Structures are given as C-alpha cells and as structure tokens.
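For reference, the structure is listed below as structure tokens.
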Amino acid sequence: MSGGQNSKALNVTKRLRWRIVLALLTAALLPLFLAGFGSWVVFRGMLEQKSSELMMSVVESHAKAIESHLAEQLHLLELAASSFDLKEIASSDRLSKLLIDLNQSSSTGFVDLGIIDDNGNHAAYVGPYDLRDRNYAEAEWFREVMESGTHISDVFLGYRKVPHCIIAVKAPSKDKPWLLRATINSEQFDRLVETEVLGEGSYAYIVNGEGSYQTTPLVGSLLDSKLEPMIGYHRGVRQSRIDVDGVEKIRATAWINGGRWMLGVEQDVKAIQAPVDKAIAYGALVVAFAVLLLVLTTFFATWHLTGQINKATAERDEMSLAFLRSAKLASIGELATGLAHEINNPLAIISAEHTNISDLIQLSDNSPTWRDEIRDSVKRCKEQVRRCAGITSKMLQFGRKSDSAVEPTDIVPRLSEIVDLLNRHASVRNVQIDCTISGDIPRVLADPIELEQVLINLINNAIDAMPAGGKITISAHRQDEYVQLDVSDNGVGIASQDLDRVFEPFYTTKPPGKGTGLGLSVCYGIVQSWGGRIRADSRVGEGTTIHILLPFHSSKNG
C-alpha cells in the first residue's frame, strides 16, 4: 500500500474512531442526562408538594397550639378569679403571690396583674407600671369583658405607651362584678409564635384583621408594620406562593382567636428545594465519576475495536494483493502461447544474423563491404534483443508486485499498448481486437499498472468467451462526470442466473481447470478503489459487455 493510501486509511480510521466514540457517548450519556434532569424535575416537584402538605399540617398544628395556649391563659385567670373574692384578692401581697403562681403554671407567663372594679378603676395592681389611678371604663376591652366575660385584646399602647396585649376575665361574683386582667409577656409569646416550625428559612407571625402585627415582625416595629396584601378570613389552612422583595416564598395561613387573628407561616422556596438540590449535587458527583469511567472505557474500547478493524483491513488488503497476483499469474499463463511466438520471431532473426556474421568472419578479407554488412547484422541483432526485452519487460511489469498509486492517467496510450500486447495472442485464437476512442478523452483517476491489469483481464475473458473466434470492441467516451470504458465481445454470453455473481471471488463459468474465478473479482475491487463503478451486460449467444465508469481528473479533485 502506498504512502498516500496509508495516510488516507489513517484519516479514515481517525474519523471512524471519533464517530464511534461520539455515537457510544451519545447513546450512553443522553439517556443518563435526560433521566437525571427528569428525576431532578420530578423529585423537586414532589418534594415541594410534600413540603407544602407538611407546611399546611404544621401550620394547622401550630394554630391549635397557640389557641390552646391562649385558652390555657384564660383558664388560669378564670380559675384564679373564681378562687378569691374581691376583698381577698385585692390585697397586694395576695395579688403578688398569685402572679408568681400564675407564671409558674404558664408556659409564657404574665407581666402584671390588675383588679378592675365595675367602674373601671384599678382596685389593685402588681407590675412594673404605675397604673393604680387609671380608669378603663371607656376602654373597648373593658366593655367587652363586662358583656362577654372574657377578652383577649389586640396589641395596643394604652396608658403605658408600650405595645402590649391583655387577657381579662370577669369574676363570678354575687355582689358587684370585678375583672382580673393580666398582660401577656410579649417576648415569650413571640418566641412561642415565631418558633421555626419548619426549620431554616421559615418565619411565623400573627396579624389582626387589619393586618397589624401582633408579634414582632421581621422588618419594622410592632404596630408600625402591616402585612400586605392582607388575606381575608377563611376556614382551615390556605396556602399561596408570594414574592417578598424578590424572594419567592410559600405562605400558609390560618385564622385563630375566634377569627380575630391570622397566623401566617412563610418559607423560602429555595429552602424547600435545598434538600433536592443538595442530593442532586451529590448525585452529580457520582454521575460525573461514572461518566468519566464511561468515557475512558469508551475510548479504550473504541481504540481496541478500531485496532482490530485495522488489523482485519490489513489482512484483507494482503489477501486482495494475493488475489491480484494470482490473477496476474493466471493471465500471464494465458498469454504465454502468444508471447512465446512474439519472442521466437526476433530470436529466429538473431540466430540467422548470428550465422551470417560467423560466415562473413570466416570469408572476410577485411574489405569495407563485409565490415558494413557485419555492422548491419549486429545492429539488427540489437534491435531484436531490445524487442525481446520490451516484451519481457511488459510481462515483468504486469506480473510484479507493486504499490497502488491513483493518479491522473491518460487511458488512450494505455489502450494502444494493451491492444498491441494482446494482438498476437488474439490472432492465434482467430480473434480481432478493435479499439474506438470517441472525441477528446480526459485523464482519469486510476493506477496505470492496475488499469493494464483490468484491461488484460477483460480482454482475456472476452477471448475465452469466443472459442471459435470473433471480435472484441474496446470503446471509450465521456459520460457526465465519468469516462465510460466498454469492452464488448460477440461470444457465448453469460446466463442471467450467473450474471449477478460474475464479480464474486472464485466464481467462474469456465470449464474446470480453465479459470481461477479471480479475474473479474480483482477488476471489481480495483475499479471500486478508484471511486469508479463496473457492471456487466450479457445475453446468451449474443455476447457480453463490461462497462467501466472512471472519474476523470479535473482541477476540483486535484
């Protein structure tokens, strides 16, 4: 194989390797990436859905816990109010001890305690503020307690000018009614409400019906901040997706305290998605390692596979060369008879001239005439020797092993040389060879030596197809982007069932011992290697035509 063909085969191997690698990696990685992306989308959605369900469940439970806490606070005050009469509880020592006992019994505790008579005056007070002289007769909470018996207020400033929330109950007195009022510990109540019920990224709060915060907000101060937009009253737990300062959140709400307060819980969507994203990140590392192994395995397998392909290709090329040499040797055997006659003619002339020279030397008297005749005889001997050398050179050139080199080749002189070479062999078999060239034939892309091999094989097959003699017609003309070369005979022809197999190796229609079945197979392989095409047309009793299409040389292809 020539250096150019080796380079071409190397380039083909490289392209084949990268195509195999690309195909294998695409087939392996594309489903993997699609499955990974699909899993990420599905599990992210499932986690968000489960988180939403958990959030609603937690908010519902948290709302019940706050309701229970407020009910507990009311119950403690009602129990205390029912356990004492006004005179007994109005004692400062008794009220102070009661405050201590209540704080020990309550999870959040009270800041102060006050006894309010039916006129709204403080009958007794224990706490950090000076409220003994305050009158609450006009306060809304006072009137509500007097009417309904209990009251939990919104956060307000009141006389102390500090945001606070009170719980008040009316004592079950037979005489004049009186109220037991306590201030809820705001800090402890905030901690109760704002507990990270859902973990990191969650925030709980309480607002009243107007949207005013009843617990300390994240931004701003109590009573100065409002929740916007406010959500109307609804039963149970409701959930929505909101945008807070560019941060996407999920909000769950539930109304408590008889529908006067709304418990809200917000959680960042990113916090919900974080576990999946973290799992995906770890999974991505595992997948990346798997992909690396897959890529390395693919490259190793591909290089090994292409190496085996190259080995098989080299073995095939060696076998093809062996076929070619076998076909050449078979063709040389068929040419032997005609070529022997071609060589015998000059040898007979040389022998006669040799005798003539010997006689002249014996009779020579050194006259100029004899010397000139001797020189002429020697000259004729040299010419006949060159003729024999030319014949044997063609045989050696045809039979020797040579590298294939596709190059622009002029087929016209090649046809003439082949016809001259085979004319004697054909004439012995009573076969006439006629060569017809149509117009200006461009050079074709072919190997000159292999072109001679193809033509000799086709002409020999045509001669064998005419045992009683006949005519071989060789013609060439331009056909579109090809040069069409036809070799026709008027011999016995080929049966239709055999026509499709004539280019198969070792398949022959000749009698046993008359053919190897390699000639047309070798021709087919050679023409295909040039980028050409070859086909056969035949009719039994009319003859056979072999059509060869060869790409012609132009500036576009070199």
*What accessible area, in Å² to the nearest ten, does a 1.4 Å probe give for GLU88?*
80
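In Å², and per residue, what accessible area does region 251-312 have when probed at 1.4 Å with the other protein chains present? Intermediate results must be reported in sequence, preceding the final value.
On the way: 3270 Å² over 62 residues.
With the other protein chains kept in place, region 251-312 gives 53 Å² per residue.
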*asked:* What are the ³J(HN,Hα) couplings of region 459-475, residue after residue, when phi is run through the Karplus curve with 6.51, -1.76, 1.60 and θ = phi - 60°? Round to Hz, x for glycine and proline.
replied: 5, 4, 4, 5, 4, 5, 7, 10, x, 9, x, x, 9, 10, 10, 10, 9
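Relative to the Cα centre, what is the charge dipole magnitude of region 176-305, using +1 at the beta carbon of each Lys and Arg, -1 at the beta carbon of each Asp and Glu, and rounding to the nearest 20 debye? Show your work: numbers first, answer last.
Values: 12 positive and 14 negative charges, 114 e Å.
In debye, rounded to 20, region 176-305 gives about 540.
Hey, got a sec? Which trypsin sites (Lys or Arg not before Pro) in region 192-284 land in a DSSP loop and have at most 13 other Cβ atoms within 10 Å? Could you put the intermediate results ahead of the total?
Values: sites: LYS226, ARG235, ARG238, ARG241, LYS249, ARG251, ARG260, LYS270, LYS278; in loops: ARG235, ARG260.
Filter output for region 192-284: ARG235.
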*Largest-first ordering by accessible area, 1.4 Å probe, given options MET56, MET46*: MET46, MET56
*Looking at the square roots a ≥ b ≥ c of the eigenvalues of the Cα gyration tensor of region 120-166, which shape do they give, rounded for a/c under 1.5, prolate if a/b is larger than b/c, or oblate?*
oblate
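Between THR313 and GLU481, how high is the FRET efficiency from 1/(1 + (r/R0)^6) when r is the Cβ-Cβ distance and R₀ = 41 Å? Nearest 0.05.
Working: r = 28 Å, r/R0 = 0.69.
E(calc), rounded to 0.05, equals 0.90.
Compare LYS176, LYS97 by solvent-accessible area with a 1.4 Å probe and give them largest first, with all protein chains kept in place. Don't skip to the end; give the middle numbers.
Working: LYS176 140, LYS97 105 Å².
Result, largest first: LYS176, LYS97.
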*Search the structure for amide H atoms under 5 Å from the amide H of LEU223, placed 1.01 Å from N in the peptide plane, and list their residues when 5 or more places away or on another chain.*
TYR213
*Quick one: which of LYS64/LYS176; LYS64/LYS226; LYS97/LYS176; LYS97/LYS161 span more than 29 angstrom between C-alpha atoms?*
LYS64/LYS176
*Please give the solvent-accessible surface of ILE231 in Å², to the nearest 10, using a probe radius of 1.4 Å with every protein chain present.*
40
*State in Å² the accessible area per residue of region 411-481; use a 1.4 Å probe, count heavy atoms of protein chains only, and round to the nearest integer.*
42
*Once fully extended, how much extra length lies between LYS379 and ALA281, figured as 0.36 nm per residue of separation less the alpha-carbon to alpha-carbon distance?*
25.8 nm
*Would you mind telling me the share, in percent, of accessible area of region 141-234 contributed by carbon and sulfur at probe 1.4 angstrom?*
50
_Full-extension gain between ALA405 and ALA301, please, as 0.36 nm times their residue separation minus the C-alpha to C-alpha distance._
34.1 nm
*asked:* Taking the full set of protein chains and a 1.4 angstrom probe, give the accessible area of GLU228 in square angstrom, rounded to the nearest 10.
replied: 150
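At 0.36 nm per residue, minus the direct Cα-Cα distance, what do ALA288 and LEU223 gain on full extension? Give it in nm, one decimal, please. Please list the in-between numbers first.
Values: separation 65, 0.36 × 65 = 23.40 nm, distance 5.38 nm.
Here the segment from ALA288 to LEU223 would lengthen by 18.0 nm.
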*Efficiency by 1/(1 + (r/R0)^6): what FRET value for SER92 and GLU200, r their Cβ-Cβ distance, R0 = 35 Å, to the nearest 0.05?*
0.15
_Under 5 Å between amide hydrogens, which residues at least 5 positions from GLN479 or on another chain qualify, with H placed 1.01 Å from N in the peptide plane?_
GLN484
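Heavy atoms only, probe 1.4 angstrom, no DNA, RNA or ligands counted: give me ASP175, ASP101 ranked by accessible area, highest first.
Details: ASP175 130, ASP101 55 Å².
Sorted by accessible area, descending: ASP175, ASP101.
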*Summing +1 for each Lys or Arg and -1 for each Asp or Glu, what net charge is found among the other residues whose Cβ lies under 10 Å from the Cβ of GLY114?*
+2
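The values are calculated or read from the model by the stated rules, or taken from the named source; none is laboratory data. On a predicted model such as this, the values are computed, not experimentally measured, just so you know. A quick note on method: Cβ atoms are made from the backbone with ideal geometry, for glycine too, and the neighbour counts reach across all protein chains shown. Just so you know, the surface numbers come from the protein's heavy atoms only, side chains and all, with ligands and any DNA or RNA stripped out. Shrake-Rupley method; radii C 1.70, N 1.55, O 1.52, S 1.80 Å.
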